[in-house]
Amino acid sequence: MCGIIGYKGQRNASEVVLNGLKALEYRGYDSWGIASLSSELDVVKDIGKIGKWMIEDIDLSKSSLAIGHTRWATHGGVTTENAHPHYSLDKRFAIVQNGIVENYQDLKKELVQKGYNFKSETDTEVIAYIIQEELKDKELIEGFRSAFSRLKGRNAVVLIDSVSGKIIGARNGSPLILGVGDGEYILASDASPIVKYTKDVVFMQDNDVVVLNDSYHIINSVTGEEIDREVSHVSWDIKQAQKGDYPHFMIKEIMEQRTTVADSIAQEKDAVMEIANALNGAFGTYAVGCGTAAKVCLAATYAFSSITHKHINFSLGSEFPSYHHFLTDKSLLLVVSQSGETADTLEAIEVMKKRNGKVVSLVNVMGSSIMRQSDYALLNNVGPEKSVCSTKATTAQLAQCILLAYAAADKYDEGMNLLKDASNKLNLMLNDQFCNSIKKLACKIVDWESMYVLGRGLNYSIALEASIKIQEVSYIHAEGFAGGELKHGPIALIDKGTPCIVFVANDDVKEEILGNAMEVKARGGYIIGVSPEDNSIFDFWIKVPDVGDASPIVNIVPIQLLAYYLAVEKGCDVDMPRNLAKSVTVK
Ligand code: F6R
């Protein structure tokens with residue numbers, strides 16, 4: 001949610017920042033902007049996506065330092081005035097921000113009283129002027145620290161200063177990573193714009209302020225003390241963050257699931273067992289995530305019930321604080337998050353930590369806030385997920401939850417064998433013929449305004465997940481239901497020909513879900529069965545392999561493909577759907 005970047009080094013800084021913003025664009029694409037320092041501090045900004053812009057078309061001189069921003073609008077509409085960077089009033093410096101300043105109204109009132117005239121509706125402009133006020137009687141770094149400490153909420157800020165020629169960055173709750181190259185430094189919201197130049201990074205921590213000059217140094221924003229942070233090595237490859245021959249990241253990432261499920265379970269057995277033991281030892285476990293990750297959490301509750309015979313609770317990240325009454329130091333949070341930066345999920349962790357409970361996380365981004373705040377973490381191991389719509393991280397997380405359920409039932413090897421088999425079968429399933437058949441289905445149903453998805457048991461959560469996939473990329477209204485719920489209301493929505501996807505796994509709810517499919521068919525619904533076996537109820541059969549408890553993994557993939565082809569058929573912007581952004585760092 002918003003991407004920020006800053007570069008200082010021997011390359012053309014504006015070009016590095018422009019290319020970096022293209023890599024970060026999936027985090028927000030309402031508007032973009034760059035500030036670069038040559039003879040003076042220049043700012044260029046515009047609304048819309050940065051994707052097509054080339055350095056030659058941007059009116060900025062060559063320079064060795066620049067900062068940039070790609071925006072997902074929160075405070076103020078999508079206008080050039082609201083686009084970042086924002087200058088200080090005296091134009092000495094400019095800043096970019098990712099996050100929300102929760103106390104911005106109070107700060108703004110104070111600044112207005114002091115005579116500041118606001119040009120935008122953003123909370124970012126407030127930060128610029130608060131810093132300017134502090135600089136009246138303080139040096140740059142002290143003034144910056146002091147202003148940053150006044151901001152409430154989760155924020156990351158990068159500033160470019162025309163007087164000292166320094167770039168300063170700080171984080172508190174929103175991500176910021178420093179890439180350490182050979183005489184060059186790059187600050188960014190995530191590693192994707194950095195890996196092109198260096199794989200050595202410092203994962204900045206809350207209240208860290210980094211100053212980039214000829215070298216870099218990190219200090220604590222509150223105390224001003226120097227901090228020595230470890231330099232880590234990121235394994236992600238630049239190619240993994242590029243589309244290659246695929247037209248979209250989404251289809252690339254769907255196809256990568258031929259191998260990523262296997263990668264996700266390639267973990268140290270001891271690490272998995274340690275988490276399994278923590279789960280077994282906990283009294284009150286809550287699986288928590290948002291959006292798609294929440295659907296994985298819901299699936300985990302069923303997997304633990306049937307495989308481990310253990311009850312775990314489910315909560316959306318944003319709702320979890322309401323459960324705080326039940327938390328103790330024996331409670332455990334099982335957190336699922338691709339980005340590792342989702343604000344609602346982070347808040348759930350904070351709530352749990354206040355009660356001294358433990359946190360286990362399944363995350364994709366190494367060094368992310370959620371990973372760092374966890375007592376135990378498993379990396380999803382799927383490489384960067386660039387499409388806003390989550391696909392390969394989802395199946396990796398499902399596989400990890402199922403593995404943990406088996407491990408907690410003391411059946412680690414059985415779980416591994418099951419998941420390896422599912423991964424092999426998924427690899428075989430994802431062939432051209434399979435994709436073409438889903439494409440044909442998409443062409444057949446694309447004009448429907450609404451579609452429904454049914455599942456039961458372990459695949460109820462997959463029905464919910466399938467509906468999110470269709471909604472977010474194709475903008476078709478899709479809703480997932482538990483098969484048994486249909487007759488309590490939603491069946492009234494079924495009309496002649498209404499597409500209805502039904503997950504029919506070879507499990508103990510097979511007969512019931514087929515019965516629910518029959519109820520829809522009897523009302524004229526068009527039944528798309530996702531199942532290892534055909535059935536006369538199905539109007540269209542999507543054949544998936546029979547993989548037992550791993551059925552959610554193979555069941556969601558064809559619907560990811562269906563959502564993709566529906567979106568392509570409708571001409572939607574598949575990788576950057578309207579109103580959305582990857583990594584939701586605001587509450
Ligand atoms: C949907 C999607 C979102 C995310 C949600 C949580 O395709 O990607 O619903 O799943 O915003 O994000 P993470 O997993 O990064 O915590």
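Computed quantities for the displayed model
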quantity	calculated
Criterion violated by Asp270 - all others in (1) in contact (Cβ under 8 Å) with a residue 24 or more places away in the chain; (2) part of a helix (DSSP H, G or I); (3) open to solvent by 20 Å² or more (accessible area, probe 1.4 Å) satisfied	(1)
Residue within region 231-251 that is part of a strand (DSSP E or B) and surrounded by fewer than 20 Cβ atoms within 10 Å (Cβ to Cβ) present	yes
Region 467-493 - residue that is within 15 Å of the ligand (Cβ to nearest atom) and part of a strand (DSSP E or B) and, of those, least open to solvent (accessible area, probe 1.4 Å)	Ala478
Flag if Ser146 is in contact (Cβ under 8 Å) with a residue 24 or more places away in the chain and either touching a strand residue (DSSP E or B) at 6+ places or on another chain (Cβ under 9 Å) or open to solvent by less than 60 Å² (accessible area, probe 1.4 Å) (or both)	no
Residue under evaluation Ile67, criteria (1) part of a loop (DSSP other than H, G, I, E, B); (2) under 30 Å from Asn19 (Cβ atoms), criterion not met	(1)
Whichever residue in region 104-118 is in contact with a helix residue (DSSP H, G or I) (Cβ under 9 Å, 6 or more places away or on another chain) and part of a loop (DSSP other than H, G, I, E, B) and, among such residues, is surrounded by the fewest Cβ atoms within 10 Å (Cβ to Cβ)	Lys114
Among residues of region 119-162, those that are part of a loop (DSSP other than H, G, I, E, B), at pLDDT 95 or above and within 20 Å of Leu187 (Cα to Cα), counted	1
Pairs where the first residue, in region 361-383, is touching a residue at least 24 places away in the same chain (Cβ under 8 Å) and farther than 19 Å from Gly317 by Cα and the second is of a type in the set (D, E, K, R) and not in a loop (DSSP other than H, G, I, E, B), C-beta under 7 Å, 6+ apart	Asn381/Asp263; Val382/Asp263; Val382/Lys392
Sole residue being under 24 Å from the mean Cα position of the chain (by Cα) and either within 12 Å of the ligand (Cβ to nearest atom) or aromatic (Phe, Trp, Tyr) (or both), chosen from Ser387, Ser423	Ser387
Criterion: surrounded by fewer than 24 Cβ atoms within 10 Å (Cβ to Cβ), away from the ligand (no atom under 16 Å from the Cβ), of a type outside the set (Gly, Ala, Ser) and free of Cβ contacts under 8 Å to residues at least 12 places away in the same chain - qualifying residue of Asp534, Asp573, Asp539, Asp549	Asp534
Listing of strands (runs of 3 or more DSSP E) fully contained in region 323-419 that carry 1 or more residues being open to solvent by 10 Å² or more (accessible area, probe 1.4 Å), under 24 Å from Asn277 (Cβ atoms) and modelled with pLDDT of 95 or more	358-363, 376-379
All positions within region 448-466 that are open to solvent by 10 Å² or more (accessible area, probe 1.4 Å) and within 16 Å of the ligand (Cβ to nearest atom)	Leu464
Some residue of region 18-38 being over 26 Å from Pro384 (Cα atoms), of a type outside the set (Val, Ile, Thr) and open to solvent by 10 Å² or more (accessible area, probe 1.4 Å)	yes
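The values are calculated or read from the model by the stated rules, or taken from the named source; none is laboratory data. As the structure is a computational prediction, the values presented were derived from the model and not from experiment. Quick reminder, even Gly has a Cβ in these numbers, built from the backbone with ideal geometry, and neighbours come from all protein chains shown. Remember, those area values only see protein heavy atoms, side chains included, never the ligands or the DNA or RNA. Shrake-Rupley method; radii C 1.70, N 1.55, O 1.52, S 1.80 Å.
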